[in-house]
1. Note the angle between two axes, namely the Cα long axis of helix 3-20 and the longest principal axis of the Cα atoms of the chain, as a number of degrees from 0 to 90, rounded to the nearest 10.
2. Quick one: dipole size for the chain, taken about the Cα centre, charges +1 on Lys/Arg Cβ and -1 on Asp/Glu Cβ, in debye to the nearest 20.
3. For the chain, set up a GNM with springs between Cα atoms under 10 Å and report which of Ile77, Ile105, Ile152 has the largest fluctuation.
4. What do you get for the angle between helix 79-99 and the principal long axis of the chain? Use alpha-carbon atoms, 0 to 90 degrees, nearest ten.
5. Order of Met142, Met1 from fewest to most other C-beta atoms within 10 Å?
6. Please identify the chymotrypsin sites (Phe, Trp or Tyr not before Pro) of the range 56-158 that satisfy two criteria: DSSP loop assignment and at most 10 other Cβ atoms within 10 Å. Which are they?
7. Lys/Arg Cβ at +1, Asp/Glu Cβ at -1, dipole of the range 3-166 taken about the Cα centre: which of Ile16, Tyr109, His55 is farthest positive-ward?
8. Hey, can you rank 7-13, 39-45 by average C-beta count inside 10 Å, highest first?
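We did not get these values from a lab; they are worked out from the coordinates using the rules stated. Only a predicted model underlies this, so the values are computations on that prediction, with no experimental measurement involved. All Cβ positions, even for glycine, are placed from backbone atoms using ideal geometry, and neighbour counts span all protein chains on display.
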Amino acid sequence: MNTISHGILGILFYKILNIINPELFIININILIIIFIISNIPDIDIIWAKTLESHHKSLLHIPLFWIGIYIFSLFFINYIFSTIFIICIILHLISDYICARTAGIKLFYPINNKEYSLYKLDKPKGIKKIYKQNKKEKLDFMKFYLKNKKLIAFEYGIYIITIFIIT
Ligand SMILES: [Zn+2]
């Protein structure tokens, strides 16, 4: 899943909270930007990962790590903010699991090291980072990315639903 899709999914979740309780979950541009950024925090590991298929291997894509952070944060930070934060992160991990093409999610790390994904992973397609690919490799990756029509429908369906609900 790409950066915009992760951000939009977080915004969709926050908009649902806003519909349920508009006084508590107010919407303004600053809050939406914060939600967008939080929803993309796990993908910071793309900076130091050597390849696309390895970027899910850091702690930032490990559910247990975030559950630990959440429990820890409850002692110091407002629980409503902490809970919104953790749900945005969990939504990121769930959507990475659903949309995984080259890198899955280590759902049960450290109990086991297996990467899980809804569809079968094609690791060789993720041996380079997007910005390190030449033109032909980028085109090939784009074809590969667009091949699974269900995932494309899921990813862009979220855009349409969010635009429909938010306007
Ligand atoms: Zn991710």
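1. 20 degrees
2. For the chain, the charge dipole is close to 920 debye.
3. Ile77
4. For helix 79-99, the angle is close to 20 degrees.
5. Exposure proxy ranking, most exposed first: Met142, Met1.
6. Numbers: sites: Phe65, Trp66, Tyr70, Phe72, Phe75, Phe76, Tyr79, Phe81, Phe85, Tyr97, Phe108, Tyr116, Tyr119, Tyr131, Phe141, Phe144, Tyr145, Phe154, Tyr156; in loops: Phe75, Phe76, Phe108, Tyr119.
Passing both the DSSP loop test and the Cβ count: Phe75, Phe76.
7. Ranked along the dipole, the leading option is His55.
8. Put in order of decreasing packing, that is 7-13, 39-45.
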